[in-house]
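In what follows, a structure is listed as structure tokens, so that the remarks can point back to it.
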Amino acid sequence: MNPLLLTDGYKVDHRRQYPDNTTLVYSNWTPRKSRIEGLDEVVFFGLQYFIKKYIIHDFEEYFFKQPKEEVIKKYSRRINNYLGENQVGTKHIEDLHDLGYIPMVFKALPEGATVPLRVPMFTMYNTIPEFFWLTNYFETLLSAVVWLPCNSATIAKEYRKVLDKYADETSSVPEFVDWQAHDFSMRGMGGIEAAVTSAAGHLLSFTGSDTIPAIDFFEEYYKANSDAELIAGSVAATEHSVMCMGTTEGECETFKRLITEVYPKGIVSIVSDTWDLWKVLTDYLPRLREDIISREGKVVIRPDSGDPVDIICGNPNGKTEKEKKGVIELLWDVFGGSVNDKGFKELIPQIGAIYGDSITVARATQICERLKEKGFASTNVVLGIGSFTYQYNTRDTFGFAMKATYGEVNGEGRAIFKDPITDDGTKKSAKGLMKIDLIDGKYHLTDNVSWEEEKQGELKEVFRDGKLLIDQSLSDIRSRVKSEINVEA
């Protein structure tokens, strides 16, 4: 599709609505508020993907390389059928096609940076006067692509902070946290692009993911190489259809066949609540104990239903002793383990658990805290993070908006802003040109600056006139996220 049609309908005629002789529009992308209590900073991620995929690749392939007559014919047909009789025109589209590139500048903070609310992550403006209309024409496409990876990168970082904290307090293997939050969200996301960009946000803080195309995403858009670095990994795992096919009566035999024949070594995760989780833990596993402890690798028990906190840690109000103990304590009863230098119990390396349903940051915290209270290290369990975490969010989760704050008409600059009298202050925008400074490790905005001041500060040109100027890598972005977690800790 012609990427100029990837927009809201009202955008197509804004060109004629600006004052006559408008020559420049300067806008910014900013998280304005948080709907997550206690979270007032957002991880910036996804602009480089947007630029490479849409501004460079899609415009080149589906606009500039296409015959102009065909492009204009299709554009005109679409707009005329959509708006009816109109005066949008096509000359500005023809002129852009003749130019052969997108005449814009994007200036951005480094991807992976943690940005306070109401501080712009990037700015953009046109470089050729006649294409002033392009800046805000991109608002819809840009917003649709970028807010989700920012959201998911931010939420993943919150998981990482929680899991790092408890691993530091209770575990002998804090490096295991890289794998402790595993992305299971793909099937529940709003389409493949949402699944991939969200999974990429998750992988800034972790390495566990079942979203395979996120690996290609990083290789294509963020200079990663899965032959040389670990982008993402997973393990062999069953699903309920596998267990059901083995029948209720044959469930123990299914476990044994998987453990001893299909996967005689390595990690295998076995869904264990197809029928009776407690029977698996107190009947089948004791029978299979010698098979499991003699394996080279780990058997991971995976419950998927019920309250995650109570299932993993035990329900004090449970009806049976099994329910009161929970998965980790029952595994300890069967397999045992060791007490680490911090005084917490760690299961033997051949057994573990994962819970992959309805996990939230709050529940992850509760699970870690309850395990700690019972004397168990937090790293005895892996948490599967799904669409309950990553899709139950919107652009408004962090109030993302792209707004124009400066323009030039008849050669004169105009510092512009919005401040609705009926709003609570959220929608009040900054004003004029912008400069971002890094002060004591925090980004600070100064608005209404001169062009000379605008050229200073932390916003760097990443794209100009069809060319990417800074090509950031996954490894650099991960390092940036990790270093900021360590600073906050």
If the Cβ limit is 7 Å and pairs must be 6+ apart or interchain, which residue in the range 54-81 that is touching a residue at least 24 places away in the same chain (Cβ under 8 Å) pairs with which residue that is outside any helix (DSSP H, G or I) and polar (S, T, N, Q)?
-> Tyr62/Asn2; Phe63/Asn2; Val71/Asn2; Ile72/Thr90; Lys74/Asn2; Tyr75/Asn2; Tyr75/Thr90; Ile79/Asn86
Exactly one of Leu330, Leu371 is modelled with pLDDT of 95 or more, more than 27 Å from Lys157 (Cβ to Cβ), assigned to a helix (DSSP H, G or I) and not basic (Lys, Arg), and that residue is Leu330
Quick check: anything in the range 452-468 surrounded by fewer than 14 Cβ atoms within 10 Å (Cβ to Cβ), on the phi > 0 side of the Ramachandran plot, in contact with an Asp or Glu (Cβ under 9 Å, 6 or more places away or on another chain) and free of Cβ contacts under 8 Å to residues at least 60 places away in the same chain?
-> no
Within the set of pairs 6 or more residues apart or between chains, which connect a residue that is of a type in the set (A, V, I, L, M) inside the range 372-388 to a residue that is assigned to a loop (DSSP other than H, G, I, E, B) with Cβ atoms less than 7 Å apart?
-> Ala377/Ser171; Ala377/Asn340; Ala377/Phe344; Leu383/Ile359; Ile385/Phe184; Ile385/Ser185; Ile385/Ile359
Here the qualifying pairs (Cβ atoms under 8 Å; residues six or more apart or on different chains; first in the range 432-448 and more than 15 Å from Trp29 (Cβ to Cβ) and open to solvent by 60 Å² or more (accessible area, probe 1.4 Å); second outside any strand (DSSP E or B) and of a type in the set (Val, Ile, Thr)) come out as Gly441/Val487; His444/Val119
Hey, can you tell me all the residues within the range 326-385 that are farther than 17 Å from Phe206 by Cβ, hydrophobic (A, V, I, L, M, F, W, C) and within 25 Å of the chain's Cα centre (by Cα)?
-> Ala353, Ala362
Do you know which of the residues in the range 414-432 that are in contact with a Ser or Thr (Cβ under 8 Å, 6 or more places away or on another chain) and part of a loop (DSSP other than H, G, I, E, B) is nearest to Leu445 (Cα to Cα)?
-> Ala430
Any chance the range 140-162 includes a residue that's open to solvent by 30 Å² or more (accessible area, probe 1.4 Å), among the hydrophobic types (A, V, I, L, M, F, W, C) and assigned to a helix (DSSP H, G or I)?
-> yes
Do we have any residue at all in the range 91-104 that's small (Gly, Ala, Ser) and within 18 Å of the chain's Cα centre (by Cα)?
-> no
Kindly indicate whether any position in the range 19-34 is over 28 Å from Ala415 (Cβ atoms) and surrounded by fewer than 17 Cβ atoms within 10 Å (Cβ to Cβ).
-> no
Mind listing just one residue for me: the one in the range 387-406 that is open to solvent by 10 Å² or more (accessible area, probe 1.4 Å) and in contact with a Gly (Cβ under 9 Å, 6 or more places away or on another chain) and, of those, modelled with the highest pLDDT?
-> Tyr406
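The rows are residues; the columns are (1) in a loop (DSSP other than H, G, I, E, B); (2) of a type in the set (A, V, I, L, M, F, W, C); (3) over 19 Å from Asn380 (Cα atoms).
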position: Arg187; (1), (2), (3): no, no, yes
position: Ala200; (1), (2), (3): no, yes, yes
position: Glu219; (1), (2), (3): no, no, yes
position: Ala224; (1), (2), (3): yes, yes, yes
position: Phe255; (1), (2), (3): no, yes, yes
position: Thr260; (1), (2), (3): no, no, yes
position: Asp283; (1), (2), (3): no, no, yes
position: Ile292; (1), (2), (3): no, yes, no
Would you check if there is a residue in the range 38-47 being modelled with pLDDT of 95 or more, open to solvent by 10 Å² or more (accessible area, probe 1.4 Å) and in contact with a Phe, Trp or Tyr (Cβ under 8 Å, 6 or more places away or on another chain)?
-> no
State whether one or more residues within the range 236-252 are open to solvent by 70 Å² or more (accessible area, probe 1.4 Å), free of Cβ contacts under 8 Å to residues at least 24 places away in the same chain and assigned to a helix (DSSP H, G or I).
-> yes
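The values are calculated or read from the model by the stated rules, or taken from the named source; none is laboratory data. Everything numeric in this text was worked out from a predicted model, so none of it was measured. Because the Cβ atoms are built from the backbone with ideal geometry, glycine has one as well, and the counts that use them run over all protein chains shown. Note: areas computed on protein heavy atoms with side chains; ligands, DNA, RNA excluded. Shrake-Rupley method; radii C 1.70, N 1.55, O 1.52, S 1.80 Å.
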